[in-house]
1. For the subset of the stretch 62-99 comprising residues that are in a helix (DSSP H, G or I) and among the small types (Gly, Ala, Ser), which member is surrounded by the fewest Cβ atoms within 10 Å (Cβ to Cβ)?
2. Cβ-Cβ distance below 9 Å, separation of 6 or more or different chains: which pairs start in the stretch 129-154 with a residue that is more than 19 Å from VAL31 (Cα to Cα) and end on one that is assigned to a helix (DSSP H, G or I) and not hydrophobic (A, V, I, L, M, F, W, C)?
3. Do the conditions hold for VAL27, that is, is it assigned to a strand (DSSP E or B) and in contact (Cβ under 8 Å) with a residue 24 or more places away in the chain?
4. Go through the stretch 56-81 residue by residue and tally those that are in contact (Cβ under 8 Å) with a residue 24 or more places away in the chain and either under 20 Å from the mean Cα position of the chain (by Cα) or assigned by TED's automatic domain parsing to the domain that holds MET128 (or both).
Amino acid sequence: MLGAELAACPLPKDPIVLALPRGGVPVGFEVARALAAPLDVVVVRKLGVPWQPELAMGAIASGDVRILDERLIRQEDIPPEEIARVTLQEAQEVERRERLYRGNRPALALRNRPVILVDDGLATGSTMLAAVKCVKSLQPSAMIVAVPVASRQACVLIRDEAVDCICLATPTPFIAVGEWYQDFHQTSDAEVRELLQ
């Protein structure tokens, strides 16, 4: 559905589709296929609250990009050493996934190319925000975030970064990305590698 929506939009010529692994890669694959565009990944990791890992206190991406939700960190009283510990752990996972998914292939050159950033959905938007900051540093000519489903607050967060955000649905109340899929199984590393190849 997202691929069809984007194919009907007046997009910049010759875009590159960048998916956020792992769950965004099957969606990104379908978008890339609908647009006849190349597919690559931008590896981003959520920084989970130590005692509630599914709750994002921020995110990191390749190129030493880190964003933090300072309000949540204050609210949860998360000590700086815990933030540093989680950041280090997730940075190691970013490096592992970069090597695993690309192998010996270099990342696609983004400078002066339009980029469509795709994920399976946005809850808080923190991981996508880290991806946006990472990709902006690589100087694309344009950037669009495209997701099937998102919370309204996540779309606002992305648009506040002066990035177009195309989203098929912004349900209220927004509970979780997975509830809007018939099949929301955990995407494996092997599936990611197969779709990228």
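The values are calculated or read from the model by the stated rules, or taken from the named source; none is laboratory data. As the structure is a computational prediction, the values presented were derived from the model and not from experiment. Note: ideal-geometry Cβ built from the backbone for every residue, glycine included; neighbour counts use all protein chains shown.
1. Ranking the candidates gives ALA84 first.
2. Partner pairs satisfying both residue conditions: ALA154/SER126.
3. Answer is no for this residue.
4. 12
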